[in-house]
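Engineer: I'd like to ask some things about the structure below.
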Amino acid sequence: MSDNPAMTSDPLPPHVQLVYMGTAHWVSHILYVAAKLNLADHLTKGPTRADELASTTNTHAPSLGRFLRTLAHLGLVTEDGAGRFALTRLGEALKTGATGAARAAILTLASPWMTGGWERLLESVQTGKPGLEGALGMPIFDWLAKHPEEASLFSETMVSFHGAEPDAVAAAYDFSGMKTIVDVGGATGNLLTTILGKYAGAQGILYDLPHVVRDAPHLIQARGLANRVTIVAGSFFERVPEGGDAYLLSHIIHDWSEEQCLTILGHCRRAMSPTSRVLLIEMVLPAGNAPHPGKMLDMMMLVGPGGQERTEPEYRTLLSKAGLRLTRVVPTNSAVSVVEAMIA
């Protein structure tokens with residue numbers, strides 16, 4: 001039997017599967033250190049010995065050699081007969097600026113500040129309160145507002161984590177005929193600019209907190225849409241811009257308590273016209289025992305911001321409480337669906 005479950009097709013005994021699940025955090029810690037040391041960037045020049053890397057990464061050479069050997073086990077590097085390490089295709093994806101922003105995602109999702117919340121998962125299950133808030137001493141989004149570097153990484157992480165979704169949403173939902181699309185809590189504008197790139201007749205309003213939208217102009221300009229996107233700084237707990245034909249809320253509603261969700265949706269309702277749509281981009285959970293990534297993400301919502309993932313009936317109930325009527329759920333070629341609602 002292989003010592004790596006990913007390298008064998010043989011069914012593993014239940015107890016072995018459970019042990020691998022229980023040690024999965026080892027891998028996340030290893031990837032975090034690899035990202036933190038910028039090892040992929042350092043190896044871009046070609047095969048390098050551990051002692052050479054140690055001098056540039058300020059690490060202990062023998063320990064780094066053992067660490068690199070473990071990265072080879074995970075498939076990120078290869079070692080030649082001369083003790084030199086080189087990147088694999090998988091390892092290339094860990095470079096700064098690589099497609100998919102995996103490095104930013106690992107530096108966020110496997111970071112000490114994030115894993116501190118997961119260490120309190122039992123507390124969250126027992127109390128219903130977000131463990132990350134206890135670990136950080138404040139709600140996650142308040143903490144990010146005070147830590148700009150981590151906030152930028154978090155925005156980049158959302159682009160990475162939800163990478164396939166913007167194209168899938170733009171392809172699945174018909175935005176034709178809409179003149180103004182408001183992206184509520186849209187961060188750097190990844191989803192909004194993807195939609196505008198497909199629908200040339202629309203203008204966009206990107207609405208998020210000041211420290212969040214500060215990174216948006218670079219992406220918007222890079223996609224050639226500076227003349228079609230207006231950036232408005234503000235809090236969706238206070239208001240949202242009026243005049244939208246569609247109000248996008250991508251992975252917003254799942255972050256918050258029901259009371260907070262009703263506040264956000266209430267501001268959207270007040271800003272809407274009778275023909276406007278609210279479009280929730282979320283992982284709508286299937287009923288029963290069907291596997292779905294949203295069921296794992298639901299635990300992140302429990303331990304992190306204190307929100308939750310929902311089924312279609314649960315979204316229908318929530319929207320109804322906000323004076324909105326769920327009109328349809330549009331599946332996409334990704335894990336998310338588009339939950340469409342209008343004024344009831």
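Engineer: Could you check region 74-92 and list, in sequence order, the residues that are touching a residue at least 24 places away in the same chain (Cβ under 8 Å) and within 30 Å of residue 304 (Cβ to Cβ)?
Structural biologist: Listed by number, the residues that qualify are 74, 76, 91, 92.
Engineer: Scan region 172-194 for residues that are surrounded by fewer than 22 Cβ atoms within 10 Å (Cβ to Cβ), over 21 Å from residue 269 (Cβ atoms) and of a type in the set (Val, Ile, Thr) and jot them down.
Structural biologist: Within region 172-194, just 194 meets the criteria.
Engineer: Still on this structure, I have one more. Consider only pairs whose beta carbons are under 9 Å apart and that are at least six residues apart or on different chains; among these, list those whose first residue lies in region 207-236 and is within 21 Å of residue 151 (Cα to Cα) and whose second residue is open to solvent by less than 60 Å² (accessible area, probe 1.4 Å) and basic (Lys, Arg).
Structural biologist: These pairs meet every condition: 220/228.
Engineer: Quick check on residue 280: is it closer than 16 Å to residue 343 by Cα, aliphatic (A, V, I, L, M) and in contact with a helix residue (DSSP H, G or I) (Cβ under 8 Å, 6 or more places away or on another chain)?
Structural biologist: yes
Engineer: Can I ask one more? Just checking, how many residues over region 310-344 are of a type in the set (Gly, Ala, Ser), touching a residue at least 40 places away in the same chain (Cβ under 8 Å) and over 26 Å from residue 167 (Cα atoms)?
Structural biologist: 2
Engineer: When both residues are 6+ apart or on different chains and their Cβ atoms are under 6 Å apart, which pairs have a first residue that lies in region 20-34 and is over 14 Å from residue 110 (Cα atoms), and a second that is modelled with pLDDT under 95 and surrounded by 12 or more Cβ atoms within 10 Å (Cβ to Cβ)?
Structural biologist: Between residues of region 20-34 that are over 14 Å from residue 110 (Cα atoms) and residues that are modelled with pLDDT under 95 and surrounded by 12 or more Cβ atoms within 10 Å (Cβ to Cβ), the close pairs are 20/5.
Engineer: A further question follows. Listed residues 116, 100; which is touching a residue at least 24 places away in the same chain (Cβ under 8 Å) and either assigned to a loop (DSSP other than H, G, I, E, B) or touching a helix residue (DSSP H, G or I) at 6+ places or on another chain (Cβ under 8 Å) (or both)?
Structural biologist: 100
Engineer: Check region 132-155 and report whether any residue there is touching a Lys or Arg at 6+ places or on another chain (Cβ under 7 Å), free of Cβ contacts under 8 Å to residues at least 60 places away in the same chain and among the aliphatic types (A, V, I, L, M).
Structural biologist: Within region 132-155 (the criterion being touching a Lys or Arg at 6+ places or on another chain (Cβ under 7 Å), free of Cβ contacts under 8 Å to residues at least 60 places away in the same chain and among the aliphatic types (A, V, I, L, M)), the answer is yes, since at least one residue qualifies.
Engineer: Follow-up question, since we're still on this one. For region 24-54, which positions are at pLDDT 95 or above, among the basic types (Lys, Arg) and under 13 Å from residue 92 (Cα atoms)?
Structural biologist: Correct list: empty.
Engineer: Continuing with this model, one more query. Hey, among the residues in region 195-226 that are among the aliphatic types (A, V, I, L, M) and in a strand (DSSP E or B), which one's least open to solvent (accessible area, probe 1.4 Å)? Show your work before the answer.
Structural biologist: Let us first name the residues in region 195-226 that are among the aliphatic types (A, V, I, L, M), namely 195-196, 200, 202, 205-206, 209, 212-213, 216, 219-220, 222, 225-226.
The next check asks that each one be in a strand (DSSP E or B); those that pass are 205-206.
Values: 205: 29, 206: 0 Å².
Among those that are among the aliphatic types (A, V, I, L, M) and in a strand (DSSP E or B), it is 206.
Engineer: Considering only region 241-344, give the helices (runs of 4 or more DSSP H) lying wholly within it that have at least 1 residues that are open to solvent by 40 Å² or more (accessible area, probe 1.4 Å) and within 27 Å of residue 179 (Cα to Cα).
Structural biologist: 258-271, 312-321
Engineer: Looking only at region 111-144, count every residue that is within 17 Å of the chain's Cα centre (by Cα) and small (Gly, Ala, Ser) and tell me the total.
Structural biologist: Of the residues in region 111-144, 2 are within 17 Å of the chain's Cα centre (by Cα) and small (Gly, Ala, Ser).
Engineer: Now, a different point. Working only within region 68-96, note down all residues that are touching a strand residue (DSSP E or B) at 6+ places or on another chain (Cβ under 8 Å) and acidic (Asp, Glu).
Structural biologist: Answer for region 68-96, where residues must be touching a strand residue (DSSP E or B) at 6+ places or on another chain (Cβ under 8 Å) and acidic (Asp, Glu): 79, 80.
Engineer: Filter region 33-55 down to residues that are assigned to a helix (DSSP H, G or I) and open to solvent by 40 Å² or more (accessible area, probe 1.4 Å) and give me whichever is farthest from residue 71 (Cα to Cα).
Structural biologist: Among them, the one singled out is 55.
Engineer: State which residue pairs qualify: first residue among the acidic types (Asp, Glu) and inside region 253-282, second residue modelled with pLDDT of 95 or more and open to solvent by 50 Å² or more (accessible area, probe 1.4 Å) in any location, beta carbons under 9 Å apart, and separation of 6 or more residues or different chains.
Structural biologist: Once the first residue is among the acidic types (Asp, Glu) and sits in region 253-282, its partners that are modelled with pLDDT of 95 or more and open to solvent by 50 Å² or more (accessible area, probe 1.4 Å) give 258/308; 258/321.
The values are calculated or read from the model by the stated rules, or taken from the named source; none is laboratory data. If you're wondering where the values come from, they're calculated on a predicted model, not measured in any experiment. Heads up, the Cβs are rebuilt from the backbone with ideal geometry, glycines too, and the neighbour counts pull from every protein chain shown. Ligands, DNA and RNA are excluded from the accessible area calculation, which covers all protein heavy atoms including side chains. Shrake-Rupley method; radii C 1.70, N 1.55, O 1.52, S 1.80 Å.
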